[in-house]
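Reading through the structure tokens given below for one structure.
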Amino acid sequence: MSRRRTSPLTLDTLIGWGLVASIVQLLTFIAARLALPRLNESIPQGKLASGIFLASLAVGVGILNAGCIV
């Protein structure tokens with residue numbers, strides 16, 4: 001007899017985790033904007049450090065989100 005392995009992941013669960021991860025990303029961006037109010041002005045001016053900081057923050061939080069979901 002073969003045993004079926006059922007996954008607890010449904011479409012509702014995936015959508016729910018996607019919403020949670022999106023909210024966490026948004027809150028992280030808002031926190032970065034509050035901590036560094038001129039962050040959005042710095043990137044168009046060609047200040048590379050601001051762009052790298054924001055990108056690394058987004059990737060880091062994304063990796064943490066992925067780890068929490070799995």
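Expressed as an acute angle from 0 to 90° and rounded to the nearest 10, what is the orientation of the C-alpha long axis of helix 11-35 relative to the principal long axis of the chain?
20
Using all Cα-Cα distances in the chain, what percent lands in each 10 angstrom bin from 0 up to the longest?
Here the calculated profile for the chain is 18, 36, 23, 14, 6, 3, 1.
For every helix of n ≥ 4 consecutive DSSP H residues, a contribution of -39,500 (n - 2.57) applies; sum these over the chain, divide by its total residues, and give [θ] at 222 nm rounded to the nearest 500 deg cm²/dmol. Intermediate results must be reported in sequence, preceding the final value.
Values: 3 runs with 51 residues, N = 70.
Calculated mean residue ellipticity at 222 nm is -24500 deg cm²/dmol.
Once you place label points 7 Å from the Cα toward the Cβ at V24 and I69, how far apart are they in nm?
Label at V24, label at I69, 1.0 nm between them.
Contour minus end-to-end for A35 and L14, with contour as 0.36 nm per residue of separation and end-to-end as the Cα-Cα distance?
Residue separation times 0.36 nm, minus the Cα-Cα distance, leaves 4.4 nm.
Laboratory data are not the source of any read-out in this text; all were calculated from the coordinates shown. Quick caveat, the model's predicted, so the values are computed rather than measured. Please note: Cβ atoms are built from the backbone with ideal geometry, for glycine as well, and neighbour counts cover all protein chains shown.
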